[in-house]
Amino acid sequence: MLPSAKSESSPFESYEQAQQAIESLVPMKSNVAAVKELGIAPPHYANTVILTQADIVRRFVPSALLQRQDLDPGLLACLQARNACRGWEVSASRISKNRTGNFLADFTNFSRRQETTGWRFNGLILLVDDLVVFRSWGGQPRISELEITKNPLGPFQDIGPAVLAR
């Protein structure tokens, strides 16, 4: 009888499936058609950010500590391609939030227990024209959070500040 919520923003069933999809793209060999086959190319996939060449430069231009030769060859190819370079940043997640515990204590606001589980995935695909030149991924393969809130005054806990503010 306690509330629950789900957030699904992914065509993938798991973090591992998303990871395998990005890893299946072979830099300097895969093309846009391969990305579209995976279902993660805009506008087919809603949670994809389209990056311009300027966005990519801001993210990857070498700093004083990182030399040009330290960059991935695909990344260099993208930067050298100038306006032919673009990127797709893919975000995927499946998050569940469940309130568990004693219904009466939760309902009367004495004690609430919320469990959050799921995963978050981020992938980056860089393209020069229609060729994938670079891909990387990261994220949180497993999310497991527990939030416990205790209010000794129960339903009266929040009344104090409201009365004092007037």
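So is Ser14 polar (S, T, N, Q) and within 14 Å of Ile125 (Cβ to Cβ) or not? Before the answer, list the steps.
Values: polar (S, T, N, Q): yes; within 14 Å of Ile125 (Cβ to Cβ): no.
The answer is no for Ser14.
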* **Conditions (1) out of contact with any Lys or Arg (no Cβ under 6 Å at 6 or more places or on another chain); (2) touching a residue at least 24 places away in the same chain (Cβ under 8 Å); (3) of a type in the set (D, E, K, R); number of the one not met by Glu8** => (1)
* Within region 1-113, which helices (runs of 4 or more DSSP H) (wholly inside it) include 2 or more residues that are buried (at least 16 other Cβ atoms within 10 Å of the Cβ) and under 21 Å from the mean Cα position of the chain (by Cα)? -> 15-23, 32-38, 53-60
* Taking region 97-147 on its own, how many of its residues are under 21 Å from Gln20 (Cβ atoms) and among the acidic types (Asp, Glu)? -> 0
* Lone unmet requirement of (1) in contact with a Gly (Cβ under 6 Å, 6 or more places away or on another chain); (2) closer than 30 Å to Thr149 by Cβ for Trp137 -> (2)
* Structure fact -> The one condition Arg135 fails out of (1) among the charged types (D, E, K, R); (2) under 30 Å from Leu38 (Cβ atoms); (3) free of Cβ contacts under 8 Å to residues at least 40 places away in the same chain is (3)
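Throughout, read-outs are computed from the coordinates displayed, never taken from laboratory work. Please read all numbers here as calculations on a predicted model, not as lab measurements. Here the Cβ is made from the backbone with ideal geometry for all residues, glycine too, and neighbour counts use every protein chain on show.
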